[in-house]
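One structure is given here, and the rest of the page talks about it.
No value in this document is a laboratory result; all are computed from the given coordinates. Just so it is clear, the structure is predicted and the values come from calculations on it, not from any experiment. Don't worry about glycine lacking a Cβ; one is built from the backbone with ideal geometry, like all the others, and counts go over all protein chains shown.
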Amino acid sequence: MHELTADLVAFLSAGMSFIAAGRDAELRPRVSRAVGLRPGADRRTFTVFVADQAGAALLAVLAPDAPLAVTACEVATHRTVQLKGVVTAVRPARVDERAAIETQAGGYTGSLAGIGLPLPVVRRLVTWPATAVEVRLDAVFEQTPGPGAGRPMGAS
Amino acid sequence: MIPRLSRFARCFQGVLPSALATCARDGTPNVTFVSQVYFVDDRHVALSCQFFNKTRRNLAEHPWAQVELWDPLTYECFRLDLRFLRAETSGPLFDSMAVRIQAIASQTGMTGVFELLSADVCEVTRFAEIEGYLAGAPPALATLEPEGGPLNELRALQCLSARISRATRLDELLDATLDAFEAIFGFGHAMVLVPDGGGRLVTIASRGYGRTGVGAEVAFGEGLIGAVAAGRQVARAGGARDLSYGRAIRDRVVAAGGGATLRPEIPLPGLPDAAAQLALPLVASDRLHGVLALESRDPLAFDDWHEAFLQIVATQVAMAIDHLSDDDDDPDEAPGAAAATAAAAAPLRLTFYRGDDCVFVGDDYLVRNVPGKILWKLVNAFTRDGRTQFSNRELRLDPWLGLPELRDNLESRLILLRKRLEEKCQEIRMIPAGRGRFVLSVVRPLELVERD
């Protein structure tokens, strides 16, 4: 069981670029952009949100006990971490979660505009309807490009 | 059904990082961003391996991957299933991928620390455009291709070729080429650098950098321009974005205790906020004549079409430089300009430092290496003998200048010297006076000093 540090909770709650991956029964990986992430209050769980249509192929292999990896990257600085864990529940995202998802996705698309992409183009990213994937956190890895990428980050 | 990957060339420019998922043999997925997925051919892509990380280990034990790419112009999303085939550690693909990484590494002081270990070639087994990724109609976008299609492309090439062929001197050739880039493509930031014979490249013509452009230097192997010169490979890079990527890696090297292996970051000529760079080697007769470098603040300024088109232009420019460099003075052509004389005024002090062939005017650095020695020869002949007329041939025959017998780059060195004088020392001018000849104009008395 791993626990997120306060620093990582803040990082993961901001407008990062999120990508998620699972795998099918033949161990073929499935990847999709995730549109939001919310660390659990206990810091040992998190919920990642995947847009229903664009993420359908990934969502098809996610069910309780399925392994999941999620990487979060801050576009401006390249700071990146990867979370690994096991799915505990898959459910439709609730209406009361939508505003937070859109705020996070807006932060992400705003950061793309910061590196030269036209905002009207990237703001077309579909974030709703979404599926909430609840995950028990097993490990966190440093993933910022460089020689330390892949190094486990210690529990708090 | 896999469409031709070349139709999706923008996705492979590395403007946006791609999402790459792999799976370990024990079934644990791994997902990471990769800065660029490289187009190899219509059925293959390549991943760059700089560190033997989890992705690489996963591919070695279970060769399946899935990658999401985004079009940086439309933000459309594409998902590719990949099967890892082989790791290439040499050859054309490896070399072309290595240039961009070398450029980042050298500029951020990480040469030997951050480098391409292998080009990991993957077969694309499935391709899907992701439905429902974007909402609404796309906003109107400017087309990247010139209006009018192939006919206009041919006309642009014809126009450039005509300007190049009309040039009778190297500076005319370079001015015509850079002017045409701006007129035809709107490329307002461009420079031509030539080898200085001392392991560096020096800018002899530029647009869009003000007076600081000419004379700017970069060492072979340093930054994109230096890497392109060293590898004789055309390369595109992401400018400030690549630099921030390199700095992130450098910070991780320092955090891992490897700071002692790093060198300081190198300031390089060019726009500090460039979002796209394209550099092309100027090669003719199997010899590097220089590098043509273009920059833009638009991350999508240079696409595959521009790269292919400008490679044709670069070859023409290189051949013209090769031809013009071979031209010696024409003995039938009389020098046209009259000798100028030094008016009575306080003398202008020029100092030549013998240790590094460097000339200062007053207390300011002016020029060095072969152009510095040429200037020193000219001003000595002027003050000692009153000479004002000179020929390229006599410079070539002067052993003190140390020019090679063949292919000496004299013309580009004279251009550099002439432009440095225009910029830093307007009291001395070199005025072309027919092919292979020029006149020295000096409007102040000179005080010449030599130091070790």
(request) Project the alpha carbons of region B:348-451 onto their principal axes and report the range along each, largest first, in whole Å. (result) 35, 29, 26
(message) Less than 14 Å from a label point 7 Å out along the Cα-to-Cβ axis of B:ARG232: which backbone N atoms in region B:272-314 qualify, by residue?
(response) B:281-291
(request) Can you spot the lysines whose alpha carbon is less than 23 Å from A:LYS84's alpha carbon? Ignore those fewer than 8 places along the same chain. (result) B:LYS54
(request) Rounded to the nearest 500, what is the 222 nm mean residue ellipticity of chain B from helices alone, with -39500 (n - 2.57) per DSSP H run of 4+ residues and division by all residues? (result) -10000 deg cm²/dmol
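What FRET efficiency, computed as 1/(1 + (r/R0)^6) with R0 = 56 Å and r the Cβ-Cβ distance, is obtained for B:GLU217 and B:ARG43, rounded to the nearest 0.05?
Values: r = 43 Å, r/R0 = 0.77.
Once rounded, the FRET efficiency stands at 0.85.
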(message) Quick check on region A:6-142: what does the Kirkwood estimate of hydrodynamic radius come out to from the alpha carbon pairs, in Å?
(response) 14.9 Å
(request) Go through B:LEU243, B:GLN316, B:VAL218 and say which Cα lies farthest out towards the positive end of the charge dipole of the protein assembly as shown; charges sit on Cβ, +1 for Lys and Arg, -1 for Asp and Glu. (result) B:LEU243
(request) Would you work out which of B:VAL99, B:MET110, B:LEU80 lies farthest towards the positive end of the dipole of region B:60-132, given +1 charges on the beta-carbon of Lys and Arg and -1 on that of Asp and Glu, about the Cα centre? (result) B:MET110
(message) If each residue of separation counts as 0.36 nm, what is the full-extension length gain between B:TYR365 and B:ASP179 once their alpha-carbon separation is subtracted?
(response) 64.1 nm
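Select from region A:58-124 those trypsin sites (Lys or Arg not before Pro) which occupy a DSSP coil region and have at most 16 other Cβ atoms within 10 Å, ordered by residue number.
Values: sites: A:ARG79, A:LYS84, A:ARG94, A:ARG98, A:ARG123, A:ARG124; in loops: A:ARG79, A:ARG94, A:ARG123, A:ARG124.
Answer by residue number: A:ARG94.
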(request) Using the Kyte-Doolittle scale, find the helices of chain B whose mean hydropathy is at least -1.0 and whose Cα atoms extend 18 Å or more along the helix's long axis, counting only whole DSSP H runs. (result) B:92-107, B:150-166, B:240-255, B:304-326, B:369-385, B:410-424
(request) Measure off 7 Å from each Cα along the Cα-to-Cβ vector at A:GLU26 and B:CYS159, then give the distance between these two points in nanometres to one decimal. (result) 5.3 nm
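How many partner chain Cβ atoms sit within 10 Å of a residue's Cβ in peptide A:59-71, on average, as a whole number?
Working: counts 0, 0, 1, 0, 0, 0, 0, 2, 7, 3, 9, 2, 7.
Mean partner shielding for this stretch: 2.
May I ask you to derive the relative contact order of region A:66-156, considering only C-alpha pairs under 8 Å and at least 6 residues apart, and to give it as an integer percent?
Working: 130 pairs, mean separation 33.2, N = 91.
That works out to 36 percent.
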(message) Using the Cα centre of chain A as origin and beta-carbon charges of +1 (Lys, Arg) and -1 (Asp, Glu), tell me which of A:GLY110, A:LEU59, A:ALA89 is placed farthest towards the positive end of the dipole.
(response) A:GLY110
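Give a quick list of GluC sites (Glu not before Pro) in region B:389-452 that DSSP marks as loop, anything other than H, G, I, E or B, with at most 14 other Cβ atoms within 10 Å.
Details: sites: B:GLU394, B:GLU405, B:GLU411, B:GLU422, B:GLU423, B:GLU427, B:GLU447, B:GLU450; in loops: B:GLU405, B:GLU427.
Qualifying residues, ordered by number: B:GLU405.
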(request) Take the alpha-carbon centre of region B:209-232, take the same for region B:381-452, and report the distance between them in whole Å. (result) 24 Å
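Go ahead and estimate [θ] at 222 nm for chain A from helices alone: -39,500 (n - 2.57) per DSSP H run with n ≥ 4, summed, over the residue count, rounded to 500. Intermediate values should be presented prior to the final figure.
Values: 4 runs with 35 residues, N = 156.
Taken over chain A, the calculation gives -6500 deg cm²/dmol.
Which shape class applies to region A:82-156: rounded if a/c is under 1.5, otherwise prolate when a/b exceeds b/c and oblate if not, where a ≥ b ≥ c are the square roots of the Cα gyration tensor eigenvalues? Present the calculation step by step, with values, prior to reporting the outcome.
Values: a/c = 3.07, a/b = 1.18, b/c = 2.59.
Since a/c reaches 1.5 but b/c is at least a/b, the shape of region A:82-156 is classed as oblate.
What share of the DSSP beta bridges in region B:348-451 is antiparallel, in percent to the nearest 5? Write down the numbers at each step before the final one.
Working: 16 of 22 bridges.
Within region B:348-451, antiparallel bridges account for around 75 percent of the total.
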(request) Please say if region B:5-129 is rounded, prolate or oblate, where rounded means a/c under 1.5 for a ≥ b ≥ c the square roots of the C-alpha gyration tensor eigenvalues, and otherwise the choice is prolate for a/b larger than b/c and oblate otherwise? (result) oblate
(message) What number does the protein assembly as shown give for Rg over Rh if you use C-alpha atoms and the Kirkwood radius?
(response) 1.07
(message) Cross-link candidates for B:LYS424: which lysines have Cα within less than 24 Å, leaving aside residues fewer than 8 places away along the same chain?
(response) B:LYS373, B:LYS377
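When a footprinting reagent is the concern and you count Cβ atoms within 10 Å, what order do B:ARG126, B:ARG7, B:ARG169 take, fewest first?
Working: B:ARG126 13, B:ARG7 9, B:ARG169 16.
So the ranking, lowest neighbour count to highest, is B:ARG7, B:ARG126, B:ARG169.
Given Cα pairs under 8 Å that are at least 6 residues apart, what percent is the relative contact order of chain A? Show your work: numbers first, answer last.
Values: 335 pairs, mean separation 45.2, N = 156.
Averaging sequence separation for qualifying contacts and normalising by length gives 29 percent for chain A.
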